[in-house]
Amino acid sequence: MLYTLLLGLAIGLDNKSILKVLSNNIFITTFILILIQFKEYKEFSTRLSRWISYGFIFTGLISILMYSFHVYGIILSFNSPFIKVLDEHAMMEYFKEIRFQSFFSQKAKFASFCLIGMFLLSINSKLNAKIKFIGIVILFLNIILTNSVTAMIASIALLWLSINFKKVSVYLRYPLYLVFILIFAPYVRYVFNYMNSVRDLDSLGSRGEIWSYAIEFYRVHPFGVIDNWYFYSIGNQFKGAHNIFLNEILDYGIIGGLIFFIVYIIYFYSLFKIDKRTLRLFIPITIVFSIDNILYNEIVPIFWFSYLLIKAFLKGNDSTVKSNFSRSI
């Protein structure tokens, strides 16, 4: 935060890209203040865990309803028109395909929101098992509707890692493997066929070209440009590096990129020390972050505050277990 602020003051005043730095730092500062006082917020956050889970499920239900009425996105703006509805015509005109993004500004952002929601539901011990299962299915369906190939692959990884095969009997474990494969084989086939029809698989959906141009852009701007979304593009097709870690290097140079990578690892390692199940989220989110350029605007607060939600959920689970243990004694 301090490094990006200094960089913003040095090179971001003329082009007003310092506004991006200040916006991000507001969320990070709030995150730090809550984290410092986390013990005081813990009980309050624990009580809200059920309602937060319901919020994810409700958003998923509303999104499916939107899709059924052929509304693929709703963009809110401070400028007129304040609400913009994206229908099939708008999607085909701009993207040449149907992309479902719900209330988010990009489909991969909404898919990442659903991935985080699926994980939070899976670790919330205060939620009814049936509601938890229904909620995960609803959010998973939304990921499919987004038409984000990366998110589809990440969701498979999340679901696979969420199954605790050690608790399953040896005699049932291999049949369960078979059932899981039979269920997801058509899903994987659909993802592959879709990628093969609309993406250049040899270049990972043009990622090879995007990343090579991004490296060239970095060589010209070794200290970054703060907001490469407006400075770096390939024609009218691609903006940004389509890789969060490379994107941070384009924004803040190699020093800023390395700082972000270190913070990213510490972010998940800290959660992993609390509960190893957080590995279920680390792998899918890293997959999405490595292929899509999504850590801007509404995903910035979601990314930071998800840490607090996960920590509150896990601490709440611990307190529940301890209280039950005390009663049994």
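Bear in mind these aren't lab numbers, they're just calculated from the coordinates by the rules spelled out. Quantities reported herein were computed from a predicted structural model and do not represent experimental measurements. Cβ sites come from the backbone with ideal geometry, for glycine too, and all protein chains shown count toward neighbours.
Quick check: pseudo-label points 7 Å beyond the Cα along Cα→Cβ at Phe58 and Leu279, how many nm apart are they?
The two pseudo-label positions are separated by 3.6 nm.
In a shell of Cβ-Cβ distance under 14 Å around Tyr218, excluding Tyr218 itself, what net charge do Lys and Arg (+1) and Asp and Glu (-1) give? Mind showing how you got there, number by number?
Details: positive: Arg219; negative: Glu216, Glu248, Asp251.
Counting the neighbours of Tyr218, the net charge comes to -2.
Below 11 angstrom from the Cβ of Ala108, what's the summed charge of the other residues (Lys, Arg +1; Asp, Glu -1)?
Numbers: positive: Arg99, Lys107, Lys109; negative: Asp292.
Once positives and negatives cancel, what remains is +2.
Which of the peptides 294-303, 65-74 is most tightly packed, and how do the rest follow, judged by the mean count of other Cβ atoms within 10 Å per residue?
Numbers: 294-303: 19.8, 65-74: 15.2.
Highest to lowest by the protection proxy: 294-303, 65-74.
From the backbone phi of the stretch 20-32, what are the Karplus-calculated ³J(HN,Hα) couplings (6.51 cos²θ - 1.76 cosθ + 1.60, θ = phi - 60°) in whole Hz, Gly and Pro given as x?
5, 4, 5, 4, 4, 5, 4, 5, 5, 4, 4, 4, 5
Between Arg47 and Met1, how high is the FRET efficiency from 1/(1 + (r/R0)^6) when r is the Cβ-Cβ distance and R₀ = 30 Å? Nearest 0.05. Don't skip to the end; give the middle numbers.
Values: r = 30 Å, r/R0 = 1.00.
Using R0 = 30 Å, I get an efficiency of 0.50.
According to a simple spin-label model (label point 7 Å from Cα along Cα-to-Cβ), what is the distance in nm between Ile28 and Phe78?
Result for the modelled spin labels: 2.2 nm.
Count neighbours as other Cβ atoms within 10 Å of each site's Cβ, and list the GluC sites (Glu not before Pro) in the stretch 56-153 that are DSSP loop with at most 16 such neighbours. All intermediate terms of the calculation are to be shown ahead of the outcome.
Details: sites: Glu88, Glu93, Glu97; in loops: Glu97.
Of the GluC sites (Glu not before Pro), the ones in loops of the stretch 56-153 whose Cβ has at most 16 other Cβ atoms within 10 Å are Glu97.
Between their Cα atoms, which of Lys126/Lys273; Lys276/Lys315; Lys84/Lys107; Lys126/Lys315; Lys107/Lys130; Lys109/Lys132 are more than 18 Å away from each other?
In this structure, Lys126/Lys273; Lys107/Lys130; Lys109/Lys132 lie more than 18 Å apart at Cα.
Students often check this: by mean Cβ neighbours within 10 Å, which of 23-32, 75-84 ranks highest, and how do the rest follow? Before the final figure, lay out the partial values.
Values: 23-32: 15.0, 75-84: 8.6.
Ranking the peptides 23-32, 75-84 by packing returns 23-32, 75-84.
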